[in-house]
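Here is the structure we will look at.
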Amino acid sequence: MLGRTYDTQVCSAARALEVVGERWSLLIVRDALFAGATRFADFQRLGIATNILAKRLDSLVEAGVLERRSSKEPSDRSGYSVTRKGLDLAPVIIALTEWGDRWAAPDGPPILYRHTRCGGAITEQTTCDTCGDVTELAQIHVIHGPGFPEALMASRKNRPDVADRGSPTASDGRPRP
């Protein structure tokens, strides 16, 4: 965990970083999801120091992203498997990979995610769950959800710097940053 550095933020992205934001955490999950890694030695291939790897695996188990499973063979060591919570990180890893392919892979994508059945490229896209259309960032705006604390909502109502954040455009008609 990151030492609860995001405690004062009302933000699910910050809370998610508390679980998977430490260095190596998402790479461990990536290898568990897509490379078949299940044992400590499998994850060591990432080049992580053993003490750090042990801490990351423990924190991912504690957070419910991975679970320890025991082997039926006495000579075999236990391993790790991905939980439903961990499976839900697959789109995050694919989206980060796409970003890295675009901005941090000067020689082209080092790996490609493909659909097993047809061979098509796997991508992550931002879409509206009603109409499917989102073609630019200006079409996305933020509103308070049911988990937003009432006390914070009341304290922000009279602040001009946070007023009307639900509108995707500023008063001059330009998209909000």
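For this structure, a couple of remarks:
- The simple spin-label model puts a point 7 Å past each Cα toward its Cβ; for ARG45 and ASP101 those points are separated by 2.1 nm.
- Based on alpha-carbon atoms, the Kirkwood radius and the radius of gyration of region 1-136 give Rg/Rh equal to 1.00.
- Förster-model FRET efficiency, 41 Å R0, TYR113 and ILE143, C-beta, rounded to 0.05: 0.80
- Protection proxy ranking of 54-63, 19-28, 137-146, 41-50, by the mean of other Cβ atoms within 10 Å over each peptide's residues and highest first, is 19-28, 54-63, 41-50, 137-146.
- Placing pseudo-labels 7 Å out from each Cα toward the beta carbon at GLU150 and GLU67 gives an inter-label distance of 3.7 nm.
- Across every direction, the projection of the convex hull enclosing the Cα atoms of region 27-95 has a mean area of 4.8 nm².
Bear in mind these aren't lab numbers, they're just calculated from the coordinates by the rules spelled out. Source: prediction; values computed, not measured. Here the Cβ is made from the backbone with ideal geometry for all residues, glycine too, and neighbour counts use every protein chain on show.
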